[in-house]
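> Input: one structure, supplied below.
Each value in this text was obtained by applying a stated rule to the coordinates, not by laboratory testing. Bear in mind that the values here come from a model prediction, so they are computed numbers and not experimental data. Don't worry about glycine lacking a Cβ; one is built from the backbone with ideal geometry, like all the others, and counts go over all protein chains shown.
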């Protein structure tokens, strides 16, 4: 089945750790790796499958910066990875982004977009 691209913002490859804190007290926090990132969301790679629709707060520090970014988000899709055995690829949509964090993300994507372009 072909995955139709619905992103509104450009994404670039990422290689940093992400902490996801679910909004439910019954689900534990988990650590995962960033696959790609843009103004509208982040792609992650992890060892357990998140539940589509779950709200999470993702926290990370962009490579080369000192600012920790925390954003209220939502799991919008997940699938077993074709390339990383036993891992899941998931799409996380940012739903509450402060203007400061939005500007940091935009500047980061623009800085690295030329050398690491994904889909728009």
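> Along each principal axis of its Cα atoms, how long is segment 11-111 end to end? Whole angstroms, biggest number first, please.
Computed over segment 11-111, the largest-to-smallest principal extents equal 33, 31, 20 Å.
> Also: At a 10 angstrom cut-off on C-beta neighbours, averaged per residue, how do the peptides 35-42, 88-95, 77-84 rank from highest to lowest?
35-42, 88-95, 77-84
> While we're on this one: Between residue 48 and residue 66, what is the spin-label point distance in nm, taking each point 7 Å from the Cα along the Cα→C-beta axis?
Modelled inter-label distance: 3.4 nm.
> Pairs of alpha-carbon atoms within less than 8 angstrom and 6+ residues apart define the contacts here; what relative contact order does segment 11-111 have, in percent?
Across segment 11-111, relative contact order equals 26 percent.
> Would you mind computing, in nm to one decimal, how far apart the modelled labels at residue 84 and residue 101 are, each placed 7 Å from Cα along Cα→Cβ?
The modelled label-to-label distance comes out at 2.1 nm.
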